[in-house]
Every structure is written in C-alpha cells, then in structure tokens.
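First up is the structure itself, then whatever we jot down about it.
The values are calculated or read from the model by the stated rules, or taken from the named source; none is laboratory data. All figures in this text were calculated on a predicted structure; none of them were measured in a lab. Cβ placement follows ideal geometry from the backbone for every residue including glycine, while neighbour counts extend to all protein chains displayed.
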Amino acid sequence: MKAWLDAPASDTQITHKQRLWLYLLAALVMLFLIAPTLIVIPMSFSGSRFLEFPPRTWSLTWYRHYFDSPEWMQATLVSLKAAFLTMLLATVTGGMAAYGLARSKVRMARWIYLMLISPMIIPVILLAVGAFYVYVKLRLLNTLAGLVLAHSVLAIPLVLIVVGAGLKSFDASQEMAARSLGATRLEAFLMVTLPQIRFSVLTAALLSFLASFDEVVMALFISGGDNATLTRNMFDALRDQIDPTIASISTIMICISSGLMALAQVLRKRRAD
Amino acid sequence: MPSAEPSTELNADRLRRAAFKERLALFGLCSPALMLVTVIVVVPAAWLFWLSFVGQAGVLSLENYQRMLDNSAYATIFWLTVKVAFLTTAVCVLAGYPLAYFLSQIPAKVANVCMIAVLVPFWTSLLVRTYAWLILLQRHGLVNDLGMGLGLWHEPLTLVNNLGGTLVGMSHIMLPFLVLPVYGAMKAIDRDYPRAAAGLGASPVDVFLKVFFPLSLPGLFAGMLIVFIMCLGFYVTPAILGGGKIILVSMGIATNIQLFVNWGAASALGVVLFGLTLLILFGASFVMRVDQMFDRGHAQ
C-alpha cells in the first residue's frame with residue numbers, strides 16, 4: 001500500500017499520495033451521480049406515507065396503488081404505445097434519411113442534416129409550444145397519433161447520429177460490388193448493408209423508444225385526457241404533493257431504462273467488434 | 001471514327017442523367033423525415049416568429065418586444081436564466097472535469113465499471129431523478145436527517161423550492177453531458193506528448209497544465225456548450241425543484257400560453273431565447289465544429 005502511495009501515477013505524474021484528493025473527489029462525484037437514483041428503490045417499498053430512508057416498515061402498498069389505479073394503468077399503456085410507435089416511425093424515417101444523406105452527394109446534404117438535427121438544438125419548450133399551436137389547427141391535440149409524430153421529430157436526430165456513425169464505418173464499395181453482380185439498390189441494402197449496420201439500427205431504435213417513453217415537456221402540451229402519458233401524470237402529481245406511488249413508478253422506470261442501457265452496451269460491444 | 005464521338009457523348013450524357021436520377025432518388029429517402037420536421041418544427045416556428053410581431057390589437061407592432069424592455073420582470077427572468085445556466089455549467093465543470101480525468105487515468109476495466117455511475121443517470125428519466133432530489137432535499141428528507149444526525153445543523157434547512165435546490169438538481173441532470181465529451185477528449189490524447197514534455201524537463205504540474213489540459217480543451221468546450229445551451233431552455237427540473245420561486249424563461253413561455261393564452265408574448269420570449277441559443281452556437285462555431293458537438297454524448 002505504502003509503495004503504491006509513494007509511486008508516481010505514471011512516469012510523467014505526481015505520486016498517488018499527492019493526488020489522493022483526486023480519488024476522493026472522483027468517488028464523491030460518482031456517489032452524487034448514482035446515489036439519488038438508487039435511493040428511490042428502497043423507499044418505494046416503504047410501508048409509510050412519508051418517504052423515509054431507511055424505511056421502518058416494508059410493504060408493497062405503493063405498487064398495489066399503482067397497479068390498481070385505472071388512471072395510472074391507462075397512462076402507462078399510452079406511454080408504451082407511443083414509445084413503441086415512435087421507435088418504428090423514427091427508426092425507419094431517420095434511418096432512410098441517414099442512408100440518403102450518406103450516399104447522395106448533394107451539396108444540400110449538410111443543410112438537410114442541420115435541419116433534421118435541429119430539434120436537438122432548439123429548446124424543447126419552444127418545440128412543444130409550436131407543436132401545440134399546429135395541433136390545435138390540425139385537431140391532433142390529445143391524440144396518440146399527434147404524440148407519436150411529435151416524439152418522432154425528437155427521436156430522429158438520435159437515429160441520424162447513431163445510424164450515420166454506423167454507415168460511416170461501413171465500406172460502401174461492398175454495396176457497389178453487390179449491385180454490379182446484379183442486385184438492385186434495395187436488395188443490396190437489405191442483404192449487404194443492413195446486416196452489417198444492424199447493431200447501430202437496433203441501438204437507434206432503443207434510444208428512440210426511451211426518448212419517447214421518458215419525454216415530459218412535449219407531453220405536457222400536446223397530450224391529455226385519455227391519451228395523457230405516464231410522465232405527464234407524474235409531473236402533475238409531483239407539483240401537488242409528494243405521492244409515494246411515484247416512488248414505485250420511478251423504480252419501474254429505472255428498471256426499464258437500466259435494462260435498455262445494458263442492452264445498448266451489449267450492442268455497442270458488438271458494433272465495435 | 002467520326003461517328004464514335006457523338007455516341008460517347010450520348011453515353012456520358014445518359015450516365016450523367018442516370019447518376020442525377022439516382023441522387024434524386026436517394027435524396028427522396030430524406031423526404032419523410034424532412035416532412036415531419038417541416039410540419040412540426042419549421043412551420044410553427046415561422047408562424048410563432050410572425051406572431052411575436054403582432055400586438056393585442058391584431059396589427060403589426062413591436063409591443064411584445066417593447067413590453068420585455070419596459071417591464072423589469074422580464075429582465076429579471078432573463079438574468080436569472082443566464083445566472084442559473086452559468087452556475088450549473090460551473091458546478092458541472094468543477095465536479096465533472098476531475099471525474100473525467102480520474103476515469104481517463106485508471107485501467108480500462110475499472111473505468112468501465114465506474115462509467116456505470118455516469119451512464120445510469122444519463123439513461124434514467126430526468127423526471128425520476130428530479131423526483132429523487134425532491135424527496136432527498138425535503139424538510140424531513142435524507143439530507144436534513146443526515147446533517148442534523150451528524151450535528152452539522154440543528155434545525156431542518158430549506159433545501160428545496162429555492163435556487164440552491166434547483167442548482168443541485170440541474171447539475172445532477174447535466175453532469176453526464178459534460179463528463180462524456182471530456183472523457184472522450186482525454187482518452188484521445190496521445191500518451192507520447194506528456195512523455196515528451198517530461199523528457200524535456202517539465203515537472204508533473206507543468207506537464208498537466210501546459211500539455212494535457214490544453215489538449216483536453218476541445219472536449220471541455222463541447223461539454224460546457226451543451227450544458228449551457230440545455231440549461232437555457234430547461235423546464236422540468238427548475239419547475240419542480242424551484243417550487244414556483246425560480247421563474248426561468250421556459251416557465252415564462254409556458255405560463256403565457258397555459259395561463260394567459262398570450263401567444264404574442266410567449267412567441268417574443270421564445271424568439272429571444274432561440275436567438276440567444278443561436279448567438280452562443282455562432283460564437284462557438286469559431287472555435288469548434290458545432291454540428292459534431294451533439295454527436296459526442298450519444299456515441300457512448
């Protein structure tokens with residue numbers, strides 16, 4: 001231990017002992033990052049109305065509250081439906097655009113790219129107000145279709161970036177070879193290109209699903225009534241009182257996103273290989 | 001062969017036309033996505049821009065902008081928004097740079113495990129994370145219990161529904177957006193540079209300050225820019241943790257629409273907010289490639 005402390009961290013650096021503060025600070029920052037999220041999980045199993053840590057009594061009351069409530073169940077179903085449809089729409093349209101932009105060497109490609117990723121740069125609150133305005137005119141307010149369209153616009157930039165990166169590392173001449181051997185462009189894409197960028201496409205799909213499922217601001221403006229999303233109802237509940245049911249919903253959401261993240265990491269390793 | 005020339009010309013012409021047609025078809029692949037963005041982003045943006053110049057009387061006027069200048073409440077909102085964005089960015093740099101440096105120093109296997117601490121919050125719903133802070137910081141929450149248990153303070157402190165609570169929550173949400181690009185830039189630094197500097201007699205401190213730190217700056221700038229811009233338009237976390245006391249531009253826009261149904265006022269605020277964002281991006285474009293900036297976080 002002492003030998004390690006007195007040894008320089010590398011041949012150009014100070015000793016480990018001299019930078020113990022760095023290790024301590026890094027540990028504290030990591031704790032700051034991860035602890036708040038994880039602490040919600042035990043709290044959700046508390047038997048008391050007051051969220052305490054550690055809980056004095058354990059129970060599944062708040063989970064029962066959630067699963068027995070028709071409103072929460074309806075909202076969850078809407079969120080899952082919207083996320084699934086957004087995943088399909090955004091991955092297909094975004095994937096098509098990524099492919100088109102990568103292959104067509106038009107001068108406008110850069111501008112189109114900027115326009116398509118603009119929803120990432122424009123503050124979401126402005127996008128939400130704009131969508132609200134258009135939806136009033138188009139009678140799309142509080143509809144599932146409207147929600148899916150708006151969420152797709154938010155997810156397309158993610159798809160463009162992830163699939164675009166996949167296409168960049170793929171050798172386009174393979175596709176040319178397939179076509180010179182008689183495949184049409186579509187066949188060449190489906191049989192040669194797509195299998196090789198499939199991990200990028202799957203990652204993009206996961207990201208789109210999560211982007212829609214977790215989205216709040218857009219949902220606050222354009223979803224409501226029977227088509228209110230889970231996040232919208234959570235936001236409303238949070239502003240009124242600290243309802244422990246939210247802790248159980250949060251725990252379920254943490255499990256979903258952690259599961260998807262683990263899946264994405266596996267896909268990333270595959271992509272890199 | 002005099003007849004050969006026109007025929008090659010014809011072929012070249014036809015090839016060119018075929019190539020053009022194919023490029024057009026490929027371009028067509030973008031059209032569904034373009035249409036979506038046009039209907040949901042571009043058209044309303046243009047319309048709201050127009051509305052910001054229409055006054056209450058329904059005629060062209062600058063009254064929405066005039067009101068922002070006359071009413072000091074608007075100046076307060078903008079000042080607070082910039083202040084909150086600036087402070088959040090500062091906290092993220094102070095906490096995130098050392099963490100990214102630490103992660104870049106340890107063996108890859110350990111770093112991958114530590115990375116979970118950055119990636120789990122990055123993937124978790126920001127509503128859930130904001131909720132977590134709400135219950136941690138409440139009057140009888142864990143932070144107050146711990147502080148009083150350790151004898152650091154004796155009365156429960158007001159930790160939420162104020163600027164402090166808002167900053168803690170926003171920094172927590174934004175931190176991964178800073179750590180990921182900085183870590184990426186640090187990992188890309190060639191180890192031979194510090195070694196060369198040390199070989200030429202630089203002390204460890206000089207190696208860091210004069211070689212390593214400048215080489216990590218592109219990542220740091222990218223991270224700071226993302227955090228600052230996202231903070232300017234942030235709505236959910238300040239709305240919940242600010243408890244109605246921290247009014248930012250985003251909330252001003254929301255109340256103007258939901259409460260007062262004043263599209264002109266909301267649009268004018270939106271135009272100024274968007275203009276500010278563009279101005280910052282434009283300024284940043286002189287020192288970095290802005291269009292690639294947003295790629296970094298999501299490549300992870």
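Details
- Filtered residue count, segment A:37-54, keeping only those that are more than 8 Å from chain B (Cβ to nearest Cβ), at pLDDT below 85 and within 25 Å of B:I116 (Cβ to Cβ): 1
Each row is one residue, and each column tells you yes or no for (1) facing chain B (nearest Cβ under 7 Å); (2) assigned to a helix (DSSP H, G or I).
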{"position": "A:A131", "(1), (2)": "yes, yes"}
{"position": "A:L140", "(1), (2)": "no, no"}
{"position": "A:A145", "(1), (2)": "no, yes"}
{"position": "A:S152", "(1), (2)": "yes, yes"}
{"position": "A:A155", "(1), (2)": "no, yes"}
{"position": "A:V162", "(1), (2)": "yes, yes"}
{"position": "A:E175", "(1), (2)": "no, yes"}
{"position": "A:A178", "(1), (2)": "no, yes"}
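- Evaluating B:T158 against the criteria (1) within 24 Å of the chain's Cα centre (by Cα); (2) touching a residue at least 12 places away in the same chain (Cβ under 8 Å); (3) more than 22 Å from A:A9 (Cα to Cα) leaves one unmet condition, (1).
- The set of residues in segment A:80-106 that are surrounded by fewer than 24 Cβ atoms within 10 Å (Cβ to Cβ) and of a type in the set (S, T, Y) comprises A:Y99, A:S104.
- The residue of segment A:110-125 that is surrounded by the most Cβ atoms within 10 Å (Cβ to Cβ), among those that are hydrophobic (A, V, I, L, M, F, W, C), over 14 Å from A:V159 (Cβ atoms) and at the interface with chain B (Cβ under 8 Å from one of its Cβ atoms), is A:I125.
- Residue match in segment A:39-61 (condition: aromatic (F, W, Y), in contact with a helix residue (DSSP H, G or I) (Cβ under 8 Å, 6 or more places away or on another chain) and either on the phi > 0 side of the Ramachandran plot or not in a loop (DSSP other than H, G, I, E, B) (or both)): no
- Restricted to helices (runs of 4 or more DSSP H) entirely inside segment A:215-273, those with at least 2 residues that are among the small types (G, A, S) and more than 8 Å from chain B (Cβ to nearest Cβ) are A:245-272.
- Pick from segment B:241-251, criterion assigned to a helix (DSSP H, G or I) and surrounded by 22 or more Cβ atoms within 10 Å (Cβ to Cβ), ranking: nearest to the other protein chains (Cβ to nearest Cβ): B:S250
- Considering B:F49, B:F78, B:F53, the condition of being touching a strand residue (DSSP E or B) at 6+ places or on another chain (Cβ under 7 Å) and among the hydrophobic types (A, V, I, L, M, F, W, C) is satisfied by B:F53 alone.
- Scope segment B:184-195; condition out of contact with any Phe, Trp or Tyr (no Cβ under 8 Å at 6 or more places or on another chain) and either within 9 Å of chain A (Cβ to nearest Cβ) or modelled with pLDDT of 95 or more (or both); matching residues: B:R191, B:R195
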